[in-house]
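The values are calculated or read from the model by the stated rules, or taken from the named source; none is laboratory data. In this text, all values refer to a predicted model and were calculated from it rather than measured experimentally. Backbone-built Cβ (ideal geometry, glycine too); neighbour counts: all protein chains shown.
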């Protein structure tokens, strides 16, 4: 007879098996297999330490399709949560284009989780912050200082939040939603400010892109003031930018530079970013589409200061992709042996049997961990169903698609 705890363990093991088979970086799958990328883990540790000290920065990692980038990001998320950071995972897509800071912030805010908490991290931070403590006072001073470069809405909503958190929860929630990306009506803010004697606060309009950048700075400082080490944002499938038009590729290259260099405006921002993209991007897009020449030439031909600045930032982003990408290390024999033993034990515990040894794939330098894992699992499944069967697994390479797709630039409501 199975007791509830034993049933839960079996379900968790089977869930891990199915996630590994599908290449989905679930919590169970990551816990079962680890990462095998010690050099990247060391760089990520240094990145977190810098971010916790107020020095924002980022790391660009690259690998082929199925090499384990998403799995690695999930593993890094666990490390960051264990280290006291709030963590967001953002998948670049039509709904979340890298070139749009407002939509990227909204995706990061919606995805943010905090250590030991179940709700959205920004809301959790706002609920937990001690309004009488030094951290909140420093946040207030920073938000209202020229160094923060924030719209007046941020210090104004902070002041209002301190007044209404306990006695007007509905409006307090509206303020928190504004910090996390929702609009807040200026007339309502003015009315509320007048009630507390702050009737002369100006609330000038701010462009959506700039507001997204300001929200990022503010949210990171809010998280730190609430006791978290900072904010780690993990970007997956960044290679999608290769399918944008030239103009949007330029903006995306500039965003790569901003995240990796940690140049979000101001200083003292506890933000760490990791961006993952395919390792053939430079050859297929930057070189293959002649972006090194084409992108800056098109921008500078517009003969404006804004376009010239974007050209410089785009060139920096392309150099980072070309020269600073940290590649995932293919699994060596020892790592493959270790993974094989772990998965064999996991499969046996998940299905209550003793899996025999299976051949899997020939060990070649170009074969990726996901391919080995899927082959082992599939072969054990087949042998479990028919012990006499001797499976043989073949692989088929799927090339990355970097053809431009105008649909990726169509407006999508967040």
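Within segment 156-169, the set of residues being out of contact with any helix residue (DSSP H, G or I) (no Cβ under 9 Å at 6 or more places or on another chain) and not in a loop (DSSP other than H, G, I, E, B) comprises just one member, 169. In a residue-by-residue description of segment 85-95, the property of being surrounded by fewer than 18 Cβ atoms within 10 Å (Cβ to Cβ) and in a helix (DSSP H, G or I) applies to no position.
Apart from one condition, residue 150 fits all of (1) out of contact with any strand residue (DSSP E or B) (no Cβ under 8 Å at 6 or more places or on another chain); (2) not in a loop (DSSP other than H, G, I, E, B); the exception is (2).
Got a number for residues in segment 379-393 being assigned to a helix (DSSP H, G or I) and surrounded by 10 or more Cβ atoms within 10 Å (Cβ to Cβ)?
Residues flagged as assigned to a helix (DSSP H, G or I) and surrounded by 10 or more Cβ atoms within 10 Å (Cβ to Cβ) within segment 379-393 amount to 6.
Among the residues of segment 106-123, at least one is assigned by TED's automatic domain parsing to the domain that holds residue 235, modelled with pLDDT of 95 or more, in contact with a helix residue (DSSP H, G or I) (Cβ under 9 Å, 6 or more places away or on another chain) and within 20 Å of residue 254 (Cα to Cα). Highlighted here are the helices (runs of 4 or more DSSP H) found entirely within segment 2-77 that include at least 2 residues which are at pLDDT 85 or above and more than 19 Å from the chain's Cα centre (by Cα): 4-22, 38-52.
Determine whether residue 223 is touching a residue at least 60 places away in the same chain (Cβ under 8 Å), within 26 Å of residue 183 (Cα to Cα) and touching a strand residue (DSSP E or B) at 6+ places or on another chain (Cβ under 6 Å). Against the criterion (touching a residue at least 60 places away in the same chain (Cβ under 8 Å), within 26 Å of residue 183 (Cα to Cα) and touching a strand residue (DSSP E or B) at 6+ places or on another chain (Cβ under 6 Å)), residue 223 qualifies.
Scanning segment 246-261 for residues that are at pLDDT 95 or above and assigned to a loop (DSSP other than H, G, I, E, B) turns up nothing. Residue-level check: of (1) crowded, with 16+ Cβ neighbours inside 10 Å; (2) in a loop (DSSP other than H, G, I, E, B), residue 321 misses just (2). Taking residue 70, is it surrounded by 17 or more Cβ atoms within 10 Å (Cβ to Cβ) and within 27 Å of residue 405 (Cα to Cα)? Here the answer is yes, as residue 70 does meet what is asked.
Specify which of the listed residues (363, 354) is under 24 Å from residue 388 (Cβ atoms), surrounded by fewer than 20 Cβ atoms within 10 Å (Cβ to Cβ), more than 31 Å from the chain's Cα centre (by Cα) and not assigned by TED's automatic domain parsing to the domain that holds residue 69. Sole residue among the options that is under 24 Å from residue 388 (Cβ atoms), surrounded by fewer than 20 Cβ atoms within 10 Å (Cβ to Cβ), more than 31 Å from the chain's Cα centre (by Cα) and not assigned by TED's automatic domain parsing to the domain that holds residue 69: 354. In the condition set (1) over 30 Å from residue 57 (Cβ atoms); (2) out of contact with any helix residue (DSSP H, G or I) (no Cβ under 7 Å at 6 or more places or on another chain); (3) not in a helix (DSSP H, G or I), residue 330 is compliant with all but (1).
Only residues that are part of a helix (DSSP H, G or I) and modelled with pLDDT under 95 were counted in segment 171-207, giving 10.
One line per residue, one yes/no per condition, for (1) in a helix (DSSP H, G or I); (2) crowded, with 21+ Cβ neighbours inside 10 Å:
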position	(1), (2)
217	yes, yes
241	yes, yes
267	no, no
275	no, yes
284	yes, no
294	yes, no
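This table checks each residue for (1) touching a strand residue (DSSP E or B) at 6+ places or on another chain (Cβ under 8 Å); (2) in the same structural domain as residue 61 (by TED's automatic domain parsing); (3) closer than 23 Å to residue 92 by Cβ.
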| site | (1), (2), (3) |
| --- | --- |
| 301 | no, yes, no |
| 316 | no, yes, yes |
| 323 | no, yes, yes |
| 375 | no, no, no |
| 391 | no, no, no |
| 406 | no, no, yes |
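Of the numbered criteria (1) over 21 Å from residue 54 (Cα atoms); (2) within 25 Å of the chain's Cα centre (by Cα), the one residue 212 fails is (1).
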